[in-house]
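Chemist: Take this structure first; my questions come after.
Throughout, read-outs are computed from the coordinates displayed, never taken from laboratory work. Given the structure is predicted, the values throughout are model-derived calculations rather than measurements. Positions of Cβ are generated from backbone atoms using ideal geometry, with glycine treated the same way; all protein chains shown enter the neighbour counts.
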Amino acid sequence: MRWGCKFQWGWCAALIATGFAPVAPAFGGEALELRVHSELASYTVAQKRLQAYLDRQGCDASVVIAVAEPEFEGLAERPGLVFSVQPAGGEPVLKAVNPAGQNPVPVWVTRKTSGVRSLAELDGRDVSLVAGVDPVGGAAAIQALASQGVAPSRGQRYQAADFSSALGLLLHNNTHAAVSELGFVSGLLESQGLAITWQGQPVEGAGWYQTAPEGSVSQIDLCLAALTRIQRSDDRQVFQLFPEWVSGFVPPESTQEKDSAP
């Protein structure tokens, strides 16, 4: 019997009967949160699987899913981590990386048989994008088209839920080009008869940002270590919470070494 229960048996018995045990908050009364912005309509299974994984790894934190566009203002007061696909102030403590272990690289993909040799030739043609706020699947690709004087009208822009769906639109001849990510699509080019028509620069900013006050880092470190150990290949359901190009999470210096390698 715990000493705390020896003198408060009625309170402890009630907790045991309802299946709960008293848990000390992570940081002096404030619970640690891992906040993920997800654009999924249904995320319950992925959330529970990520929570279970973190619990097994000793990360005492609650996984919180924000379906709406993330608002980072004020998050610095909440102890924890927040996942963002865009810069959220300062450097991320862990970067999201593609299957090659690098920062994501946006690309435009076309069918080899289409005869499209440059972005300029997409003028007046339908293209497939990935809906949401991830710049890899939207903003970076649109800017690349604009630099070539190509501005697809609303009726020419097909919004897909993920990169696989965007490629599916292309492969089924619904569009003439699809936005994708280099590490994600590289293994599909040959088998699907696809070609990269444009390749952009690596996109910075996607990853986990620390929001805990200074000095509240011990539990954060456990959670960061847990996040570096999980890969998409380990549990694809967990990674449904993140953009489809995300293969795992690494310290910032890891991507710097990879991106600078010849």
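Chemist: Stretched out fully, how many nm does the piece from residue 254 to residue 164 gain, at 0.36 nm a residue minus the Cα gap?
Modeler: Details: separation 90, 0.36 × 90 = 32.40 nm, distance 2.69 nm.
In short, 29.7 nm is gained.
Chemist: Continuing with the same structure: Under the rule a/c < 1.5 gives rounded, and otherwise a/b versus b/c splits prolate from oblate, where does segment 127-208 land using the Cα gyration tensor?
Modeler: rounded
Chemist: Using modelled amide H (1.01 Å from N, peptide plane; none on Pro or chain starts), what sits under 5 Å from the amide H of residue 197, excluding residues fewer than 5 places away?
Modeler: Those qualifying (amide H under 5 Å, at least 5 residues apart or on another chain) are 108, 109, 110.
Chemist: Go through segment 145-249 and name the trypsin sites (Lys or Arg not before Pro) that are in a DSSP coil and have 13 or fewer other Cβ atoms within 10 Å of their Cβ.
Modeler: 236
Chemist: Still on this structure: What do you get for GluC sites (Glu not before Pro) in segment 193-255 restricted to DSSP loop and a cutoff of at most 15 other Cβ within 10 Å of the site's Cβ?
Modeler: When the GluC sites (Glu not before Pro) of segment 193-255 are filtered for loop state and at most 15 Cβ neighbours within 10 Å, 214 remain.
Chemist: How far is it, in nm, from the label point at residue 57 to the one at residue 100 when both lie 7 Å from their Cα along the line to the Cβ?
Modeler: Distance between label points: 2.5 nm.
Chemist: Tally Lys/Arg at +1 and Asp/Glu at -1 over every other residue whose Cβ is under 13 Å from the Cβ of residue 170; what's the total?
Modeler: Cβ neighbours under 13 Å give a net charge of +2.
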